[in-house]
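The values are calculated or read from the model by the stated rules, or taken from the named source; none is laboratory data. It should be emphasised that the depicted structure is a prediction, and the values quoted were computed from it without experimental measurement. No Cβ is skipped: glycine too gets one built from the backbone with ideal geometry, and neighbour counts run over all protein chains shown. Remember, those area values only see protein heavy atoms, side chains included, never the ligands or the DNA or RNA. Shrake-Rupley method; radii C 1.70, N 1.55, O 1.52, S 1.80 Å.
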Amino acid sequence: MALLPLLFSSLLVVSLAEMSGKIGVNYGREGDNLPSPYESIQIMKSIKVGQIKLNDSNPEILTLLSGTKIHVAVTVPNDDIIRIGSNDSMADQWVRNNILPHYPDTMIRFVLVGDRVVNSNMDVNGTMEQSLVPAMRGIKSALTAHGVKNVKVSTTLGMDVVQTRFPPSNSTFQSDISDSVMPKLLKFVNGTKSVVFVDVYPYFAWSANPTNISLDFALFGGNITHTDPGSGLVYTNLLDQLLDSVTFAIEKLGFRNIRLAISRTGWPTAGDIDQVGANIYNAATYNRNLIQKMTSKQPLGTPKSPSLIIPTFISSLYDENRKIGPETERHWGMLHTNGTPVYEIDLTGNRKISEYKPLPPAVNNVPYKGKLWCEVAPWVNEMSLPAALSNVCSIDNETCAALAPGKDCYEPVSVVWHASYAFSSYWAKFRSQGAICSFNGLARETTVDPSRGRCNFPSVTV
């Protein structure tokens with residue numbers, strides 16, 4: 001019996017060995033100005049992308065990847081999980097439609113069933129959540145039935161599934177997840193010799209606590225170490241800490257041989273004023289050092305799991321201007337939309353860090369302190385503002401009260417003026433509850449009072 005863990009580990013190493021030294025990228029397409037799939041594949045080949053991860057199983061892209069040596073991870077959309085999980089014939093149909101027309105000419109290596117279905121806000125009794133593992137089993141059974149043996153089935157988790165992350169040895173999964181879906185998911189992964197995919201963003205962990213977490217530690221600077229008091233393991237970077245927190249949480253559920261893959265990681269090149277450290281210098285530094293670590297000829301693993309290969313997909317290939325959320329969401333790309341690099345990067349890891357040209361200095365590594373307003377972005381078409389203004393002002397009776405005729409901020413009677421007031425008022429009122437200054441891309445943060453003193457525009461103080 002003692003040989004079983006070693007046998008399992010050796011089989012998994014064999015299945016992952018071909019990925020050693022091949023950095024992957026997330027090929028997201030949430031933009032209205034991106035190169036075509038054909039152009040994108042040519043770009044990826046030119047910069048020596050080793051693997052790509054898709055948020056779907058787009059047939060045009062999979063066809064274009066035929067005959068290349070690029071390994072591919074495809075995703076079953078969340079909306080398909082209930083259907084596939086409820087009926088094995090639906091799983092078989094999905095495999096017939098999305099995998100068999102392309103395999104093996106296109107080197108599909110992973111099928112990810114769902115994207116962050118398991119999360120801290122999930123309804124553990126919800127139909128989708130209950131259907132996840134059955135859908136994974138159905139896809140795996142269908143692949144096996146069709147003779148597809150070297151495609152692993154998994155799903156993508158976010159770091160929010162881990163309740164306690166520091167120190168890693170204390171880590172556990174969120175209690176409701178730990179008691180319900182995680183044991184079933186891990187049993188499947190363990191039994192099929194697959195891996196658990198996790199989105200791991202040191203940027204978010206650091207930016208949430210930049211006073212107590214060193215930026216050098218988050219960027220693989222190597223000048224700071226932390227010792228886990230429970231395990232005695234010594235950490236030189238934040239990524240390893242985060243990865244090991246997942247591994248320790250997995251072990252607490254009784255699974256000691258499950259490997260991890262990084263489904264998304266990276267660093268944003270720009271962001272809102274209150275999004276500290278989002279700049280080109282940090283993004284280039286993080287990704288260059290990440291590549292050096294993951295392409296090492298002798299796999300480095302983590303302190304908890306040394307010398308192990310960790311399949312890694314950087315987020316992302318392009319900046320994607322149609323992503324919703326804070327400004328950072330639209331600035332994770334290594335490439336501009338014309339295919340030119342945002343910063344120099346060598347995905348093979350052969351280029352030494354010292355061989356890169358100097359980067360523009362970082363100017364926002366210290367959190368902004370002061371007042372902020374939310375205003376209509378200068379590039380916005382005014383025709384798109386009335387609907388947004390109406391929506392914001394319908395929230396309650398107070399948000400836009402100052403815009404009523406005769407009130408302090410009614411004049412000038414301009415849709416831009418009124419929308420800027422409404423956006424700033426709403427953001428100031430609900431920011432503590434998670435509201436952001438975006439409004440589907442219509443607004444931006446500013447340090448200058450949009451009213452120019454003509455009336456009292458609500459602001460936030462950070």
Only listed residue being closer than 20 Å to A443 by Cβ, within 27 Å of the chain's Cα centre (by Cα) and in the same structural domain as N440 (by the TED database), chosen from W417, W427: W427
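If I filter the range 269-289 down to residues being among the hydroxyl-bearing types (S, T, Y) and not in a loop (DSSP other than H, G, I, E, B), which single residue comes out as most open to solvent (accessible area, probe 1.4 Å)?
Just the residues of the range 269-289 that are among the hydroxyl-bearing types (S, T, Y), to begin with: 269, 281, 285-286.
In the following step, the residues that additionally are not in a loop (DSSP other than H, G, I, E, B) were identified as 281, 285-286.
Numbers: Y281: 95, T285: 32, Y286: 0 Å².
Result: Y281.
Which of the following residues is of a type in the set (K, R), assigned to a helix (DSSP H, G or I) and touching a helix residue (DSSP H, G or I) at 6+ places or on another chain (Cβ under 9 Å): K149, K193, K187? Before the answer, list the steps.
On the way: K149 fails: assigned to a helix (DSSP H, G or I); K193 fails: assigned to a helix (DSSP H, G or I).
Criteria check complete, one pass: K187.
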Kindly indicate which of R137, R116 is on the phi > 0 side of the Ramachandran plot and not hydroxyl-bearing (S, T, Y). R116
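Have a look at G266, G254, G232 and point out the one that is surrounded by fewer than 17 Cβ atoms within 10 Å (Cβ to Cβ) and more than 16 Å from P183 (Cβ to Cβ). Give the derivation first.
On the way: G266 fails: surrounded by fewer than 17 Cβ atoms within 10 Å (Cβ to Cβ); G254 fails: more than 16 Å from P183 (Cβ to Cβ).
Result of the check over G266, G254, G232: G232.
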Here the residues within the range 431-457 that are open to solvent by less than 60 Å² (accessible area, probe 1.4 Å), within 20 Å of A402 (Cβ to Cβ) and in a loop (DSSP other than H, G, I, E, B) are A435, C437, F439, L442, D449, P450, S451, C455, F457
Only one of A388, A362 is under 30 Å from N209 (Cα atoms), under 30 Å from the mean Cα position of the chain (by Cα) and either surrounded by 12 or more Cβ atoms within 10 Å (Cβ to Cβ) or not assigned by the TED database to the domain that holds N212 (or both). Can you tell me which? A362
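May I ask you to list the residues in the range 35-47 that are in a loop (DSSP other than H, G, I, E, B) and loosely packed, with under 14 Cβ neighbours inside 10 Å?
Initially, the range 35-47 is screened for residues in a loop (DSSP other than H, G, I, E, B), giving 35-36, 47.
If the condition is that a residue be in a loop (DSSP other than H, G, I, E, B) and loosely packed, with under 14 Cβ neighbours inside 10 Å, then S36 is the only one that fits.
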From I70, I52, I81, which residue is at pLDDT 95 or above, within 18 Å of M136 (Cα to Cα), open to solvent by less than 50 Å² (accessible area, probe 1.4 Å) and among the aliphatic types (A, V, I, L, M)? I81
Looking at T144, T156, T164, can you tell me which residue is open to solvent by 30 Å² or more (accessible area, probe 1.4 Å) and either part of a loop (DSSP other than H, G, I, E, B) or in contact (Cβ under 8 Å) with a residue 60 or more places away in the chain (or both)? T164
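If I ask for residues that are outside any loop (DSSP other than H, G, I, E, B), within 11 Å of T446 (Cα to Cα) and open to solvent by less than 50 Å² (accessible area, probe 1.4 Å), which ones from the range 365-385 would you list? Please lay out each step first, then the result.
Kept after step one, since they are outside any loop (DSSP other than H, G, I, E, B), are these residues of the range 365-385: 371-376, 382-385.
From the residues that got through so far, the ones that are within 11 Å of T446 (Cα to Cα) too are 371-376.
Correct list: L372, W373, C374, E375, V376.
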Selected residue (criterion: nearest to P59 (Cα to Cα)) from residues of the range 93-116 that are assigned to a helix (DSSP H, G or I) and open to solvent by 40 Å² or more (accessible area, probe 1.4 Å): N97
